[in-house]
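Everything below concerns the one structure shown next.
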Amino acid sequence: MAFANYKLDNGLQVVVDDNPQCHLTAVGYFVKAGACDETLELSGVSHFLEHMCFKGTPQRSALEINQQLDELGANCNARTGEEHTIYHATVLPEFQSQIVELLSDMMQPSLSDEDFFTEQKVILEEIAMYRDQPPYGGHEQLMRAYFGDHPLGQPVLGTDASVAALTPEAMASYHHQRYSPGNMTLAVAGRVDVPQLLADVERLTKNWPVVVAPSRQFGAGPQIVGREFLQVQQASQQYILQLAPGPSLFDPDRYAARLAAMIFGDDTGSRLFWRLVDSGKTDLAAVGHYEYESTGVLMSMLAMRPEDAAEVWAEFEALEQEFVEQTPTEYELKLAKAKAIASLSSANEISENRMFDIGSQWVTYGSYLTVEQVIELYRQVTLADIIRVTQRFPMHEKQVLAIGPNWEFR
Amino acid sequence: MPVDNQFQHRCANGLVVLGETMPWLNTAAFSLQFRAGSAYQPLGQNGLAALTCEMTERGCGEYNNRQFLEATELLGASTANHVGTYHTGYSGSCLHENFLPVLELYAKLSRAARLPVDELEAARLVCLQELYSQQDDLPQQTLRTLRERFFGPTLGRWPDGEIDELESAAWSQIRDFYWERFSPEGMILAIAGNFNWTECLEKIESLWGDWSATPPSSFAMTPGQGGYQHLQEDSQQTHIAMAAPTIPFGQEDYFLIRCAVGVLGDGMSSRLFQEVREKRGLCYSVFAGIHSLLDTACITAYSGTTAARAQETLDTIAAEFSRLQQGIHEDELRRIKVQVRTGLMAQQESCRARAGAIASDWFYLHRVRSKQEINEQLNRLSVPRVNQYLADHPIEVSSVVTVGSAQLELPHGLCQL
């Protein structure tokens, strides 16, 4: 495997992980544009813009984009998060040049009025769809409650009102600022023809307007900490979501914190699993880390029968307390490391995963650690590190959101 | 056509072992299938297969529940189980050096499950929780209802079970189901990835070779029913699903109809995506596919849309079903061919996906197709052949299910069978 990085004259970063043994080529544009970059008036614009990149460019109609993606057999998709928008596709190696050309073209969409107003309806359908599928909407509501006015509190999809109020002009201006080559990374992994790639990208992006994207200047961490329950809607199940502090993407303690979260709340074999899932008390009880540039969160999610909510919640809080009082054992740490390392090793064989790995690392750090180096960082975590992170990031400083019919369990 | 990295072996007791070596990987994977799917449950006991599967994971041989899971985790194995219409299956992958010890654990699970009585209520709750959680998933409820209607009570049963039938399942029924259905008769073990075939086969023979088979059993088929069913829900969106009978996977012309349905609703350039979402902005999600069982199959389509636009969505989908009858075009076929080829290559990067595909091929076709064979099949496909098939075999939607705040009006031609 050969990792290499390049910076084009226009500022675009290109990272490549070439492995001739792979059977596919995975390509992704990582744009530093997400919900945290939006003002209140622009709420939802990053995600809406992601849709619009599929709706046509000066060279292609939406139909032509979709047809060509399917013609290349491209397993193509896009995702928008709090800090990034990612466009990616995986193809047979023989289609490398074509997919790079197509994705590059999509980064400069036409943003025509007609397409804008048709797609606006699709976005409103997407928002409605998630409202019908609790606890999907809960995540964004909880982020808002936890982060308050911090930019990470902005909902990725926006709201009905903010999406309906967006205009093509405002979107064009946002695109101009954020989709500048200096604000983007192109990641390519799998079987890669590197000289061809560089020649293609140089040619395809040379006329992209170069502007300096506004820098992000966020305070560290949430503005609201405490216990608060919000009942958001009726559902047949009861869901409880919780956010607590966690390390940021730049915090050296993040490996230890991820292992601590696995010991406490991985979806199998964790303390939460044995007490709440294996016993059949909950359908789901799991904890995951979300790391951002300025801060991080530990999100816990519980799903259960409404009548069991009080018992489950009490047991969950007792387990949290117990986690601080009865510190993890060497054996628990060994299990967590085995799982983390096995999962990294397996994922590493798939071109698309490699592309996400190098792209995410580069757009965040501007540097790259191999899978072996990351595995070594996990291996080095000690029990003392685990204990330190549980004290640094106390789970009881949390924001809680309950969704469902049982409002009495508090 | 024999391929030098594909292997197969039938043990004396009936167990079929299939292998495909992928030496460029560091991992190896297995897919272990028993004829213990939902179709084999007695009527009125839907959920028995799922509950039995859950109970098999609660201890075997010298391991209790927790020791078993931790043993797999220490070996770095990522594992899962699945109950389908015909099979209860277990799958897993790990670094190649741990592969044989992981197989040993699963031999123990399949042959010496403890089925501990004192874990029954917890296991039952785990299965029930899965069903409770689906109550908030309206797209899934819609597709579940469609499946039950179209395939009937034996084959159409949702493999996760029914709440009341799960609640009444007794330990003795689980024991009997396990003893009857977990047997080398009809069992498939597919392995793929980085392993040595001779060494693996020897191990597999030592783990399962002396296991005696129980006589095979079958199930009684019950017919499905057509027509329109609406489920009232106070939801933002109306969910629409429909099914039309077609030929199952394994029949000679399957690839022809698979291509046509791909053109209809698979991918962003598909007709449904273009007409329903891209041109009209009616929905976020719309697709069509084939749901194939062994001897029966249907073309299904789904969309979810806000109530005010549901009728137009249904009408547009129905119109696209009709238009498909008139045939597909060269460019559409070309796109489908590349999609299939890319999917095949994706399996070459994931031994877990490959092991699953090998097991499925064996069950449906009694052989494993090589990449070359599928490519040749693809090359033989042509627009005139697909269109002739469509002209000779009209697609007639026989079942429609909607879930939402208001019933819809069926366009002409739907559910006329």
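Scan segment A:105-136 residue by residue and report those that are in contact with a helix residue (DSSP H, G or I) (Cβ under 7 Å, 6 or more places away or on another chain), modelled with pLDDT of 90 or more and in a loop (DSSP other than H, G, I, E, B).
A:109, A:111
Specify the residue that is nearest to residue B:109 (Cα to Cα); the eligible residues are those in segment B:32-74 that are open to solvent by 30 Å² or more (accessible area, probe 1.4 Å) and among the hydroxyl-bearing types (Ser, Thr, Tyr).
Among those residues, the one meeting the criterion is B:63.
One line per residue, one yes/no per condition, for (1) surrounded by fewer than 24 Cβ atoms within 10 Å (Cβ to Cβ); (2) among the polar types (S, T, N, Q):
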{"position": "B:150", "(1), (2)": "no, no"}
{"position": "B:154", "(1), (2)": "yes, yes"}
{"position": "B:175", "(1), (2)": "yes, no"}
{"position": "B:193", "(1), (2)": "no, no"}
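Please work out which residue is nearest to the chain's Cα centre (by Cα), limiting yourself to segment B:153-183 and to residues that are part of a helix (DSSP H, G or I) and of a type in the set (Ser, Thr, Tyr).
It comes out as B:154.
Please enumerate the residues belonging to segment B:297-317 that are open to solvent by 10 Å² or more (accessible area, probe 1.4 Å), over 18 Å from residue B:278 (Cβ atoms) and out of contact with any helix residue (DSSP H, G or I) (no Cβ under 7 Å at 6 or more places or on another chain).
B:307, B:308, B:311
Go through segment B:214-230 residue by residue and tally those that are in contact (Cβ under 8 Å) with a residue 12 or more places away in the chain and open to solvent by 50 Å² or more (accessible area, probe 1.4 Å).
Residues in segment B:214-230 being in contact (Cβ under 8 Å) with a residue 12 or more places away in the chain and open to solvent by 50 Å² or more (accessible area, probe 1.4 Å): 10 in total.
Filter segment A:303-345 down to residues that are of a type in the set (Ser, Thr, Tyr) and away from chain B (no Cβ under 11 Å) and give me whichever is surrounded by the most Cβ atoms within 10 Å (Cβ to Cβ).
A:327
Among the listed residues A:145, A:172, which satisfies the condition of being under 30 Å from residue A:8 (Cβ atoms) and more than 18 Å from the chain's Cα centre (by Cα)?
The conditions single out A:172.
Inspect all residues belonging to segment A:347-358 and state whether any of them is aromatic (Phe, Trp, Tyr), modelled with pLDDT of 95 or more and under 30 Å from residue B:350 (Cβ atoms).
yes
Output the residue which, of all residues in segment B:77-90 that are outside any loop (DSSP other than H, G, I, E, B) and more than 13 Å from chain A (Cβ to nearest Cβ), is most open to solvent (accessible area, probe 1.4 Å).
B:82
Determine the pairs where a residue that is over 13 Å from residue B:130 (Cβ atoms), located within segment A:272-288, has a partner that is of a type in the set (Val, Ile, Thr) with Cβ atoms under 6 Å apart, the partner being 6 or more residues away or on another chain.
Final answer for the pair search is A:276/A:282; A:281/A:312; A:285/A:277.
Of the residues that make up segment B:275-283, is at least one closer than 27 Å to residue B:379 by Cβ and open to solvent by 30 Å² or more (accessible area, probe 1.4 Å)?
no
Can you pull out the residues in segment A:189-203 that are open to solvent by 60 Å² or more (accessible area, probe 1.4 Å) and either in contact (Cβ under 8 Å) with a residue 24 or more places away in the chain or in a loop (DSSP other than H, G, I, E, B) (or both)?
A:191, A:193, A:196, A:202, listed by residue number.
Yes/no matrix, rows are residues, columns are (1) in a loop (DSSP other than H, G, I, E, B); (2) within 11 Å of chain A (Cβ to nearest Cβ); (3) at pLDDT below 95; (4) touching a strand residue (DSSP E or B) at 6+ places or on another chain (Cβ under 9 Å):
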site: B:31; (1), (2), (3), (4): no, no, no, yes
site: B:46; (1), (2), (3), (4): yes, no, no, no
site: B:106; (1), (2), (3), (4): no, no, no, yes
site: B:121; (1), (2), (3), (4): no, yes, no, no
site: B:132; (1), (2), (3), (4): no, yes, yes, yes
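Going by the conditions given, is residue B:288 away from every other protein chain (no Cβ under 13 Å), under 30 Å from residue B:372 (Cα atoms), not polar (S, T, N, Q) and not in a loop (DSSP other than H, G, I, E, B)?
For residue B:288, the condition - away from every other protein chain (no Cβ under 13 Å), under 30 Å from residue B:372 (Cα atoms), not polar (S, T, N, Q) and not in a loop (DSSP other than H, G, I, E, B) - is met.
Filter segment B:360-388 for residues that are touching a Leu at 6+ places or on another chain (Cβ under 7 Å) and open to solvent by less than 20 Å² (accessible area, probe 1.4 Å); which is farthest from residue B:314 (Cα to Cα)?
B:374
Does residue B:106 satisfy the condition of being outside the structural domain of residue B:360 (by TED's automatic domain parsing), farther than 19 Å from residue A:268 by Cα, among the aromatic types (Phe, Trp, Tyr) and surrounded by 20 or more Cβ atoms within 10 Å (Cβ to Cβ)?
Answer is no for this residue.
So, in segment B:1-29, of the ones that are open to solvent by 40 Å² or more (accessible area, probe 1.4 Å) and outside any strand (DSSP E or B), which residue ends up modelled with the highest pLDDT?
B:12
Would segment B:247-261 turn up any residue that is within 14 Å of chain A (Cβ to nearest Cβ), assigned to a helix (DSSP H, G or I) and not hydrophobic (A, V, I, L, M, F, W, C)?
no
Out of segment A:61-81, which residues are over 16 Å from residue A:101 (Cβ atoms) and open to solvent by less than 30 Å² (accessible area, probe 1.4 Å)?
Within segment A:61-81, A:62, A:78, A:80, A:81 qualify.
If we keep just the residues of segment A:30-79 that are within 20 Å of residue A:294 (Cβ to Cβ) and out of contact with any strand residue (DSSP E or B) (no Cβ under 8 Å at 6 or more places or on another chain), which is nearest to the other protein chains (Cβ to nearest Cβ)?
A:43
Residue by residue through segment A:370-391, note down the ones that are in a loop (DSSP other than H, G, I, E, B) and either over 21 Å from residue A:349 (Cα atoms) or open to solvent by 60 Å² or more (accessible area, probe 1.4 Å) (or both).
Listed by number, the residues that qualify are A:380, A:381, A:382.
Please work out which residue is farthest from the other protein chains (Cβ to nearest Cβ), limiting yourself to segment B:320-359 and to residues that are crowded, with 19+ Cβ neighbours inside 10 Å and charged (D, E, K, R).
B:320
Return a yes/no flag: does segment A:149-159 have any residue that is within 14 Å of chain B (Cβ to nearest Cβ) and either touching a Lys or Arg at 6+ places or on another chain (Cβ under 9 Å) or free of Cβ contacts under 8 Å to residues at least 40 places away in the same chain (or both).
no
Could you tell me whether segment B:157-169 includes any residue that is away from every other protein chain (no Cβ under 14 Å), open to solvent by 10 Å² or more (accessible area, probe 1.4 Å), polar (S, T, N, Q) and touching a strand residue (DSSP E or B) at 6+ places or on another chain (Cβ under 9 Å)?
There is no residue in segment B:157-169 that is away from every other protein chain (no Cβ under 14 Å), open to solvent by 10 Å² or more (accessible area, probe 1.4 Å), polar (S, T, N, Q) and touching a strand residue (DSSP E or B) at 6+ places or on another chain (Cβ under 9 Å).
The values are calculated or read from the model by the stated rules, or taken from the named source; none is laboratory data. Computed from a predicted model, the values in this text were never measured in an experiment. FYI the Cβ positions are ideal-geometry reconstructions off the backbone, even for glycines, and counts take in every protein chain you see. The accessibility values were calculated without ligands, DNA or RNA, using every heavy atom of the protein model including side chains. Shrake-Rupley method; radii C 1.70, N 1.55, O 1.52, S 1.80 Å.
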